[in-house]
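The values are calculated or read from the model by the stated rules, or taken from the named source; none is laboratory data. These numbers come from a predicted model, not from an experiment. No Cβ is skipped: glycine too gets one built from the backbone with ideal geometry, and neighbour counts run over all protein chains shown. The protein model used for the area step is the full one, side chains on, heavy atoms only, and it has no ligands, DNA or RNA in it. Shrake-Rupley method; radii C 1.70, N 1.55, O 1.52, S 1.80 Å.
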Amino acid sequence: MDCLFCRIIAGEIPSTKVYENDKVYAFRDINPQAPTHILIVPKQHLADASELKGENAAVAADIFAAAAEIAKSEGLTGGFRVVTNCGDDACQSVHHLHFHLLGGTKMAEKMS
Ligand code: DGP
């Protein structure tokens, strides 16, 4: 298994877990870009958001259901942002689908 996030999900590499269910694992980003910065990843290995189609479409629902729960447990009452980077133009660096959950501050209106 040479995927970093598969190894984190398997517990082979330590992480600060904030949420887990049978489909989803979430942990704090090692390089936070907001007061709250959590990575939400499907346990199923998908490379990126371009694979969220057909039989994988339910993965997106699982991720956003987890995001809403985590935002509540993290006290993000002012709101939050969910971002996924897909491919080189978006600077995706880990090729296991993941969503950044950001919050705890007023974020920039511009996203690129
Ligand atoms: P992206 O650029 O969208 O592929 O985001 C990858 C994120 O993963 C980046 O914000 C840093 C984070 N990250 C990379 N390696 C590790 C790690 O070993 N542990 C944790 N907690 N986060 C990591």
Counting other Cβ atoms within 10 Å of each Cβ, which trypsin sites (Lys or Arg not before Pro) in the stretch 23-68 have at most 13 and sit in a DSSP loop? 53
Loop-located GluC sites (Glu not before Pro) in the stretch 47-109, at most 14 other Cβ atoms within 10 Å (DSSP): 109
Qualifying lysines (Cα of each under 25 Å from Cα of residue 43; at least 8 residues distant if same chain): 17, 23, 53, 72
Between the helical axis of 57-73 and the dominant principal axis of the chain, each derived from Cα atoms, what acute angle in degrees is found, rounded to the nearest 10? 40 degrees
P(r) tail for the chain, what percent of Cα pairs lie past 20 Å? 38 percent
Using a 1.4 Å probe on the protein chains only, how many percent of the accessible area of the chain belongs to carbon and sulfur? 51 percent
Residue-averaged [θ]222 nm for the chain, counting only DSSP H segments that reach four residues, each worth -39500 (n - 2.57): -6500 deg cm²/dmol
Show the residues, 5+ positions off or on another chain, whose built amide H is closer than 5 Å to the amide H of residue 25. 41, 43
Whole-Å distance, taken between Cα centres, linking the stretch 1-58 and the stretch 82-112: 13 Å
